[in-house]
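Student: Handing you this structure, nothing more for now.
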Amino acid sequence: MPVKRPFVLVHGSWHGGWCWREVAAHLRAAGHPVYTPTQTGLGERRHLMSNTITLDTFAEDIANVIRYEDLHEVVLVGHSFGGNAVSGVADRMPERLHHLGYLDAMILQNGEAAFDVLTPDVAAARTKAAEAFDGGLSAPPPKAEAFGILDAALGARIEPFLTPHPMSANLAPMNLKHPIGNGLPKTYILCTDPIYPALAASRDYVRAQGWPIVEIATGHDAMITAPQETADILLSLAG
């Protein structure tokens with residue numbers, strides 16, 4: 001009988017735990033406990049926005065869910081910017097984790113910040129948008145199509161839930177004491193249709209390191225545009 005491991009699913013920039021709703025339903029239907037925490041300053045926690053939020057804040061958000069829900073053998077999955085929290089948690093508490101899933105995710109090495117691996121034009125555009133939006137505290141969310149959500153009706157349903165992303169988290173360095181993943185099994189899930197251009201450096205790193213890669217023919221927000229297919233891939237990580 002398959003082992004029913006807990007899943008912890010981490011959202012990316014401008015999103016919240018809400019974005020995993022359909023994927024979580026599929027995983028629960030397969031018998032797995034699922035947790036979809038929202039990181040500080042985003043989603044329903046947008047009232048906690050501040051200029052002190054760092055990558056360590058986001059890692060501790062997730063680590064504390066694992067600690068206080070007393071989870072073990074966790075399949076920890078991060079989408080996009082959520083890949084940073086996955087790396088941070090793996091660095092802190094590998095003994096609690098079973099497999100790391102990076103869903104079209106950002107990969108940072110120790111000392112790197114998000115804006116170090118994004119293309120200069122993307123970093124500059126986000127900085128300019130943040131200055132105009134609230135004096136540089138946070139970057140306003142783009143339209144849904146920026147995440148590969150090309151269906152207008154679906155995009156219209158999603159956009160009201162997108163919230164600003166703290167700029168301090170884009171500028172804060174990743175603090176790792178061990179190699180990325182800390183020796184744990186890890187899989188990169190690459191969204192190919194369309195390719196999300198901002199993560200070119202992370203994709204190059206994964207290929208150079210020889211990580212296992214699984215492709216899914218949908219846009220960047222695969223958990224929204226292809227929830228069943230995404231859930232099926234994540235279930236394969238629980239074995």
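Student: Of Asp193, Asp91, Asp56, which has the largest mean-square fluctuation in a 10 Å C-alpha GNM of the chain?
Tutor: Asp193
Student: Related question: Tell me, what is the percent relative contact order of the stretch 7-236, built from C-alpha pairs under 8 Å that lie six or more residues apart? Present the calculation step by step, with values, prior to reporting the outcome.
Tutor: Details: 462 pairs, mean separation 54.6, N = 230.
It comes to 24 percent, rounded to a whole number.
Student: In angstroms, what radius of gyration and Dmax does the stretch 117-239 have, counting Cα atoms only?
Tutor: 16.3, 47
Student: Now, a different point. Evaluate the distance, in nm, between pseudo-label points positioned 7 Å from the Cα of Ala132 and of Ala152 along their respective Cα→Cβ axes.
Tutor: Once both label points are built, they end up 2.3 nm from each other.
Student: Which distance in Å, rounded to a whole number, links the C-alpha centroids of the stretch 118-180 and the stretch 1-43?
Tutor: 20
Student: Work out, step by step, the length gained on full extension between Glu22 and Asp121: first 0.36 nm times the residue separation, then minus their alpha carbon distance; give nm to one decimal. Walk me through the numbers before you get to the answer.
Tutor: Details: separation 99, 0.36 × 99 = 35.64 nm, distance 3.33 nm.
Net length gain for the segment: 32.3 nm.
Student: Please identify, among His220, His79, His178, the residue showing maximal mean-square fluctuation in a Gaussian network model of the chain using a 10 angstrom Cα cutoff.
Tutor: Per the Cα network of the chain with a 10 Å cutoff, His178 tops the list.
Student: Under the rule of -39500 (n - 2.57) per DSSP H run of 4 or more residues, summed and divided by the residues of the chain, what mean residue ellipticity at 222 nm is obtained, to the nearest 500 deg cm²/dmol?
Tutor: -10500 deg cm²/dmol
Student: A follow-up question, please. Which net charge results when you count Lys and Arg as +1 and Asp and Glu as -1 among the other residues whose beta-carbon is under 14 Å from that of Gln39? Intermediate values should be presented prior to the final figure.
Tutor: Values: positive: Arg45, Arg46; negative: Glu44, Asp56, Glu60, Asp61.
Local net charge: -2.
Student: For the chain, with a Gaussian network of springs between Cα atoms less than 10 Å apart, report the residue from Glu69, Glu131, Glu145 with the top mean-square fluctuation.
Tutor: Glu69
Student: Taking the Cα of Lys143, stepping 7 Å toward and past its beta carbon, and measuring to each backbone N in the stretch 152-178: which are under 12 Å?
Tutor: 152-153, 155-156
Student: To the nearest 0.05, what FRET efficiency results for His178 and Ala201 with a Förster distance of 22 Å applied to their C-beta separation?
Tutor: Details: r = 21 Å, r/R0 = 0.95.
Once the sixth-power term is evaluated, E becomes 0.60.
Student: Also: Could you check what % of the DSSP bridge pairs in the stretch 7-236 are antiparallel, to the nearest 5? Intermediate values should be presented prior to the final figure.
Tutor: On the way: 2 of 22 bridges.
Bridges in the stretch 7-236 that DSSP calls antiparallel: roughly 10 percent.
Student: Output the Cα-based Rg and Dmax of the stretch 12-123 in Å, rounding Rg to one decimal and Dmax to a whole number.
Tutor: Looking at the stretch 12-123, its Cα Rg and Dmax stand at 14.1, 44 Å.
The numbers here are math on the coordinates, done by the rules we state, and not lab data. Model, not experiment: these values are computed from the prediction. Glycine gets a Cβ as well: all are built from the backbone with ideal geometry, and neighbour counts include every protein chain shown.
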